[in-house]
Amino acid sequence: MSATTASAAPARAPRRLPAPPALRLVRASGSRATRVPFLGIAAALLTLGLIAVLVLNITLSQGSYTVHDLREKSATLADTRTALDQDLNTVSSAPHLAQQAAQLGLVPAGSPAFIDPATGKVSGVAKPAGAEGDFTVVTGSAALAPAGAVAPSLASATTSVAGLGLGGGLLGALASLPR
């Protein structure tokens with residue numbers, strides 16, 4: 001029976017395995033899609049950075065030109081101020097004022113009188129100024145007194161000062177002049 005059973009038993013067919021999937025090359029399409037936005041953002045940032053540097057450079061150069069112009073203007077104004085100060089010193093000098101006063105018909109004042117506001121007392125005798133006095137304006141080196149032409153009251157004052165041991169400076173020099 002065993003022979004009959006062995007022959008009677010159908011032979012089992014080998015079990016078929018499912019067919020393996022067909023292999024194919026997969027392209028990395030996902031990585032290309034992620035690179036495009038990154039490259040776009042990087043290029044935009046680089047462009048914006050270059051534009052910002054350009055704008056900053058232009059602004060600084062304009063500021064430099066403005067500073068240069070302001071320094072030139074300051075130097076010009078300083079020169080003008082110096083010239084105006086010299087003109088003011090010339091116009092306000094004593095010889096110039098005396099010449100202008102003489103041209104306007106003014107004469108030197110005589111002896112003044114003073115009023116004490118507290119008591120109302122007048123000290124000194126006032127005399128009206130007159131045109132009879134000869135008024136000359138001496139300028140420059142001619143304003144220096146010639147040697148020996150010291151007024152007697154000034155000479156006695158300087159001698160008394162020199163006698164006190166205070167003869168240094170201008171008073172001592174005037175005291176040493178021959179009389």
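Put a dot 7 Å past each Cα toward the Cβ at residue 48 and residue 79; how far apart are the dots in nm?
5.0
Classify the range 35-92 from the C-alpha gyration tensor, please: rounded if a/c falls under 1.5, else prolate or oblate depending on whether a/b exceeds b/c.
Values: a/c = 15.07, a/b = 11.42, b/c = 1.32.
Judged from the Cα gyration tensor, the range 35-92 comes out prolate (a/c at least 1.5, a/b above b/c).
Treating the beta-carbon of each Lys and Arg as +1 and of each Asp and Glu as -1, no other charges, what is the dipole magnitude of the range 35-92 about its Cα centre, to the nearest 20 debye? Walk me through the intermediate numbers first.
Numbers: 4 positive and 5 negative charges, 103 e Å.
Charge dipole of the range 35-92: 500 debye, to the nearest 20.
Computed from the coordinates by the stated procedures, all read-outs in this text should not be read as laboratory data. Note that the structure is a prediction, hence the values are computed from the model and not measured. Because the Cβ atoms are built from the backbone with ideal geometry, glycine has one as well, and the counts that use them run over all protein chains shown.
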